[in-house]
């Protein structure tokens, strides 16, 4: 399965934008890029996904590099409730979770 | 918004006992999954299920594990003879197709404690 690389942790001030990077240099042409987050003691929660074009929804934006080897999840204004582990995952039947990025939001 | 429902939320069982974890996926989804997360560790894939068959399974999913869709709504994970190391959160997930066109919806999990 294609794997992703994310920083282990990041910090952001409350109400500031957050850019969470992900590298996926072995992505195949048909792989979608998915982002999920996991709040403490909860199941993974869908955030956003895309194939080639940038995507926006009510939770976040996804910026995908032209060569698709990297992507960035953008939270426009971080809130304390956004503190979670964020996972960047490439689609496939196993849907492999890496270690993700633990986001700390500072009040 | 449609949800994946898992029951029970917490199960305590004695080592060697059988447990069945239950999940009700979203009604129009066709692909179903079980994952587990040992405390403080990564979310690990166990098994995927489609058209009443296992599509893929990981090394973790050995002969002690089985899955079933006994009716049109439930999706179950059975552990035949539980071990201490089976203690973990177990998450069920479902999606319309495995290709990634659609997102996956996860349940809130069952915490299994083997004593």
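The values are calculated or read from the model by the stated rules, or taken from the named source; none is laboratory data. Note that the structure is a prediction, hence the values are computed from the model and not measured. Backbone-built Cβ (ideal geometry, glycine too); neighbour counts: all protein chains shown.
Any chance segment B:71-81 includes a residue that's surrounded by fewer than 20 Cβ atoms within 10 Å (Cβ to Cβ), within 10 Å of the chain's Cα centre (by Cα) and in contact (Cβ under 8 Å) with a residue 40 or more places away in the chain?
Within segment B:71-81, one or more residues are surrounded by fewer than 20 Cβ atoms within 10 Å (Cβ to Cβ), within 10 Å of the chain's Cα centre (by Cα) and in contact (Cβ under 8 Å) with a residue 40 or more places away in the chain.
Looking only at segment B:87-110, filter to residues that are more than 9 Å from every other protein chain (Cβ to nearest Cβ) and outside any loop (DSSP other than H, G, I, E, B); which one of those is nearest to residue A:50 (Cα to Cα)? So that I can check it myself, show each step before the final result.
Going through segment B:87-110, the residues more than 9 Å from every other protein chain (Cβ to nearest Cβ) turn out to be B:87-88, B:90, B:94, B:96-97, B:110.
Right, trim to outside any loop (DSSP other than H, G, I, E, B) and you get B:88, B:90, B:94, B:110.
Working: B:88: 31, B:90: 27, B:94: 18, B:110: 30 Å.
Per the criteria, the residue is B:94.
Kindly evaluate residue A:105 against the criterion of being buried (at least 20 other Cβ atoms within 10 Å of the Cβ) and away from every other protein chain (no Cβ under 14 Å). Show your work before the answer.
On the way: buried (at least 20 other Cβ atoms within 10 Å of the Cβ): yes; away from every other protein chain (no Cβ under 14 Å): yes.
When the stated conditions are applied, residue A:105 passes them.
Would you check if there is a residue in segment B:75-82 being more than 13 Å from residue A:46 (Cβ to Cβ) and within 12 Å of another protein chain (Cβ to nearest Cβ)? Lay out the reasoning, then the answer.
Kept after step one, since they are more than 13 Å from residue A:46 (Cβ to Cβ), are these residues of segment B:75-82: B:75-82.
Filter again for within 12 Å of another protein chain (Cβ to nearest Cβ), leaving none.
There is no residue in segment B:75-82 that is more than 13 Å from residue A:46 (Cβ to Cβ) and within 12 Å of another protein chain (Cβ to nearest Cβ).
Inside segment B:40-60, can you point out the residues that are in a loop (DSSP other than H, G, I, E, B) and without any contact (Cβ under 8 Å) to a residue 24 or more places away in the chain? Before you say what the answer is, go through the steps one by one.
Quick first cut of segment B:40-60, residues in a loop (DSSP other than H, G, I, E, B) only: B:40-42, B:51-52, B:58-60.
Once the filter is applied, which keeps residues that are in a loop (DSSP other than H, G, I, E, B) and without any contact (Cβ under 8 Å) to a residue 24 or more places away in the chain, segment B:40-60 yields B:40, B:41, B:42, B:51, B:52, B:58, B:59.
For residue B:20, indicate whether it is more than 12 Å from every other protein chain (Cβ to nearest Cβ), within 23 Å of residue A:37 (Cα to Cα) and without any contact (Cβ under 8 Å) to a residue 60 or more places away in the chain.
Numbers: more than 12 Å from every other protein chain (Cβ to nearest Cβ): yes; within 23 Å of residue A:37 (Cα to Cα): no; without any contact (Cβ under 8 Å) to a residue 60 or more places away in the chain: yes.
Here the answer is no, as residue B:20 does not meet what is asked.
Considering segment B:27-38 alone, what residues qualify as being surrounded by fewer than 20 Cβ atoms within 10 Å (Cβ to Cβ) and at pLDDT 95 or above? Reasoning before the result, please.
Applying the first criterion (surrounded by fewer than 20 Cβ atoms within 10 Å (Cβ to Cβ)) to segment B:27-38 yields B:27-30, B:37-38.
Answer for segment B:27-38, where residues must be surrounded by fewer than 20 Cβ atoms within 10 Å (Cβ to Cβ) and at pLDDT 95 or above: B:37, B:38.
Identify, please: which residue in segment A:33-47 is surrounded by fewer than 20 Cβ atoms within 10 Å (Cβ to Cβ) and within 17 Å of residue A:75 (Cβ to Cβ) and is, among those, nearest to the other protein chains (Cβ to nearest Cβ)?
A:46
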